[in-house]
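For reference, the structure discussed in these notes is given below.
The values are calculated or read from the model by the stated rules, or taken from the named source; none is laboratory data. Computed from a predicted model, the values in this text were never measured in an experiment. Backbone-built Cβ (ideal geometry, glycine too); neighbour counts: all protein chains shown.
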Amino acid sequence: MSREIVEVYADWQPIEAPLLIGQLAYSDSSRGGVFSFTYDKAFLTSAYRLQIDPILTLPPGVGSERHS
């Protein structure tokens, strides 16, 4: 079984420097491949947090508070 990990970054305006969103992992086994994604803890508490895909939901409680 092999495993590869790719770091995913946000780099859009107004972010000043690339911000790690999380890690995309691929595991290959005799039964086929499996993808998984884990959000970075710092990204989840940043002002730029967002759900990057409908399937990749944010953990419960994250992003549920809005400050005005």
If we keep just the residues of the stretch 4-35 that are surrounded by 11 or more Cβ atoms within 10 Å (Cβ to Cβ) and charged (D, E, K, R), which is farthest from Thr57 (Cα to Cα)? Asp28
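Identify, from the list Pro18, Pro54, the residue that is at pLDDT 95 or above and out of contact with any helix residue (DSSP H, G or I) (no Cβ under 7 Å at 6 or more places or on another chain).
Sole residue among the options that is at pLDDT 95 or above and out of contact with any helix residue (DSSP H, G or I) (no Cβ under 7 Å at 6 or more places or on another chain): Pro18.
Within the stretch 43-51, is there a residue that is in contact with a helix residue (DSSP H, G or I) (Cβ under 7 Å, 6 or more places away or on another chain) and either exposed (fewer than 12 other Cβ atoms within 10 Å of the Cβ) or part of a loop (DSSP other than H, G, I, E, B) (or both)? Break it down stepwise before answering.
Here is the first cut: in the stretch 43-51, the residues in contact with a helix residue (DSSP H, G or I) (Cβ under 7 Å, 6 or more places away or on another chain) are 49.
Pick out the ones that are also either exposed (fewer than 12 other Cβ atoms within 10 Å of the Cβ) or part of a loop (DSSP other than H, G, I, E, B) (or both) and you get 49.
Yes: one or more hits.
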